[in-house]
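Quick notes on the structure that follows.
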Amino acid sequence: MCSNFNGEATNVYSQKGVIAKGMLIDLMQPCLIDVVKKGDFRCPLTMSKTAFNRYVELDEHLESIGLDIRERLWDILYVLKFQGIKFRCRKERNEITFSFFSIPVKSPDDTEPVGIVEEDFQSEGFADGTKICSLKAVYLFSDGDFSITITLPNEN
């Protein structure tokens, strides 16, 4: 588990466009970058705070069954990597929606963020509460910089 990680944006990746402070989590920070490198991603990655808090961050239940944020992040990046996406610098915006298995963390106030796409999933060998979840990866080439931002399917 990352030391001193509290689910808040510790680094905000700034592109030429406007990214509101705290709206994105920088996946290139020291406690997560080895997971990104393991997936052979060669450009900056960010994730919306909403998606990160739901699918990467831990609650007491997830900690009690032995999960950590690096494993949860790897589950997402592994699926993204093998969606057949080639990371080529294109002068356009591309996006893909992909699905993966996860146990979502509920919001503390029990409200669901707009844009959640999840289906119940039950199968032997999967923990209770496992769902088929969807995220969107946006590939952006802007002013010579290529980046990937992972969000909920309906987030901008």
14 Å beta-carbon shell around P30, net charge (K/R +1, D/E -1): 0
Net charge contributed by nearby residues that have their C-beta within less than 14 Å of L62 (K/R +1, D/E -1): -3
Phi to ³J(HN,Hα) by Karplus 6.51 cos²θ - 1.76 cosθ + 1.60 over segment 95-107, Hz, x for Gly, Pro: 8, 9, 9, 9, 10, 7, 8, 7, 9, x, 8, 6, 5
Take D34, project a point 7 Å from its Cα along the Cβ direction, then tell me which residues of segment 55-82 have their backbone nitrogen under 11 Å from it. none
Long-range HN-HN contacts of I103 with modeled amide H, under 5 Å: K131
Could you list K37, K131 so that the one with the fewest beta carbons within 10 Å of its beta carbon is first and the one with the most is last? K37, K131
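A short reminder: the numbers here are calculations on the coordinates, not readings from a lab. Because the structure is predicted, anything quoted here is derived from the model rather than measured. Counting neighbours? That spans all protein chains shown, and the Cβs are built from the backbone with ideal geometry, glycine included.
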